[in-house]
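First comes the structure, then the notes that go with it.
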Amino acid sequence: MIDLHTHTSYSDGTWDLKKLLEEAEKANIEVLSITDHDTIESYKELEKINAKDIFKGKILPGVEFSTVYDGVMFHLLAYDFDYKMLNSFIIENYENKKPNLKKEFNCMIESCKKNNIKIGKIEYKENKGWPIDIIFPEIKKYEENKKYFKKEEWNNIDVFYNSCVTNKKFPVFVDFSIHYPKANIVANAVKNAGGKLFVAHIFKYRLENCFSFLDELKQNDIIDGVEVYHSSFSEEQIKILEKYCKDNNLFMSGGSDCHGTKKADRKIGVGYGNLNVDKKILKGWINQNY
């Protein structure tokens, strides 16, 4: 069993690196990738410790990049790269360029005005949380706004937010290239560092047609594969993605997307209990022999 999608406290997980390695060992993971968001700090720490004393399996370099393609914000999982070669790219494009939340808020307000969404006079204040935490309840104050949104968007802030950043026709859309580098730039950096790129959890995005989106990424030489196995996917979705990858000569990856105790029911290796990613999917795209 392998797990190529995990997070530590260096991004939005709750476990530190040592704890993640301990849990991976308990779960008998053979190959582990730590894919923190937009950072490789875990790999810098690994240089300072003897990881084999904690985790007996192999560790595959990984990171989950926030990026944008044609106005759609999504995540790219990068693997098997020389992380030292990516260090300056990450510092320049992520560490030294933190998301401008006030700008994001103003973009959402502009979209609301352009699309006749009724809102009162509101302003962004950092102590009130993320921009969505301010805008979503404001929009819901006015019943006449309801007609512009699908039921699940109206009732669920997470679904609403996903639509904001992935659906260009959404009334509160915001182009996240204000925050993150475009996908072709990420792809060039990763491939120059010897790595490969996979679209993370494709079904989580609010895309009208996720397969045409994947087609475009492939045609533009941005991706090498797709995350086929994920805790949130049904067996039917997995089968669909397996077939898509086979038909399109794309590699497959998979993982639990474990965040420690933050999402405690999503366990390392097994996800919600039935995930079991076979290491045979590594064949053909890993530089080393795993």
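The values are calculated or read from the model by the stated rules, or taken from the named source; none is laboratory data. Every value quoted in this text rests on a predicted model; they were computed, and no experiment measured them. Positions of Cβ are generated from backbone atoms using ideal geometry, with glycine treated the same way; all protein chains shown enter the neighbour counts. For accessibility, only protein heavy atoms count, side chains too; no ligands or nucleic acids. Shrake-Rupley method; radii C 1.70, N 1.55, O 1.52, S 1.80 Å.
What share of the DSSP beta bridges in the chain is antiparallel, in percent to the nearest 5?
50 percent
Name the residues whose placed amide hydrogens come within less than 5 Å of the amide hydrogen of L60, ignoring near sequence neighbours (fewer than 5 apart) on the same chain.
Counting only residues 5 or more places away or on other chains, the set is L32, S33, I34.
As an exercise, identify the trypsin sites (Lys or Arg not before Pro) in segment 150-210 lying in DSSP coil whose Cβ has no more than 14 other Cβ atoms within 10 Å.
Sites meeting the loop and neighbour criteria: K150, K168, K169.
Cα-based Rg of segment 175-229 per 2.2 N^0.38 Å, rounded to two decimals?
Details: Rg = 11.6 Å, N = 55, 2.2 N^0.38 = 10.1 Å.
Normalised Rg, Cα atoms only: 1.15.
I need the chymotrypsin sites (Phe, Trp or Tyr not before Pro) found in segment 127-179, filtered to DSSP loop residues with at most 12 other beta carbons within 10 Å of theirs.
Answer in residue order: Y142.
Per residue Cα convex hull volume for segment 91-211, in cubic angstrom?
Details: hull volume 14.9 nm³, N = 121.
Roughly 123 Å³ of hull volume per residue.
Work out which GluC sites (Glu not before Pro) in the chain are exposed loop sites (DSSP not H, G, I, E or B, at most 14 other Cβ within 10 Å) and give the longest gap free of them.
124-207
Based solely on its DSSP helices, what 222 nm [θ] is calculated for the chain when runs of n ≥ 4 H residues each add -39,500 (n - 2.57) and the sum is averaged over all residues, nearest 500 deg cm²/dmol?
-9500 deg cm²/dmol
How about segment 6-113: which trypsin sites (Lys or Arg not before Pro) there are in a DSSP loop, with at most 16 other Cβ atoms within 10 Å of their Cβ? The partial results should precede the final answer.
Numbers: sites: K18, K19, K26, K44, K48, K52, K56, K58, K84, K97, K102, K103, K113; in loops: K48, K56, K97.
Answer in residue order: K48, K56, K97.
The list (i) 58, 42, 37; (ii) 56, 40, 33; (iii) 57, 44, 34 gives values of Cα extents along the principal axes in Å, and only one came from this structure; which label was calculated from it?
(i)
Mind telling me which of T14, T166, T35 comes out most flexible in a GNM of the chain, alpha-carbon contacts under 10 Å?
Result for the chain, Cα springs under 10 Å: T14 fluctuates most.
Which of K125/K169; K140/K196; K113/K218 have a Cα-Cα distance over 30 Å?
Correct reply: K140/K196; K113/K218.
In whole percent, how big is the carbon plus sulfur part of the accessible area of segment 65-194, probe 1.4 Å, protein atoms only?
47 percent
Mind checking which lysines have their C-alpha under 16 Å from K48, skipping anything on the same chain fewer than 8 residues away?
Straight-distance partners of K48: K18, K19, K84.
Accessible area per residue for the chain in Å², computed with a 1.4 Å probe and the full protein assembly in place, what is it?
Working: 14180 Å² over 290 residues.
On a per-residue basis, 49 Å².
How far is helix 17-26 tilted, in degrees, relative to the longest principal axis of the Cα atoms in the chain, given as a value from 0 to 90 rounded to the nearest 10?
60 degrees
Give me the extension gain from K18 to K169: residue separation times 0.36 nm, minus the current Cα-Cα distance, reported in nm with one decimal.
Going from the current span to full extension adds 50.0 nm.
Just want to confirm a number: the relative contact order over segment 109-161, from Cα pairs under 8 angstrom separated by 6+ residues, in percent.
Here the relative contact order equals 30 percent.
In whole Hz and in residue order, list the ³J(HN,Hα) couplings for segment 154-171 that follow from phi through the Karplus curve 6.51 cos²θ - 1.76 cosθ + 1.60, θ = phi - 60°; x for Gly and Pro.
So the J values, rounded to whole Hz, are 5, 9, 9, 5, 5, 5, 4, 5, 4, 5, 4, 9, 10, 10, 5, 8, 5, x.
Once you have the Cα-Cα distance between D215 and E25, take 0.36 nm times their residue separation minus that, and quote the gain in nm to one decimal.
64.7 nm
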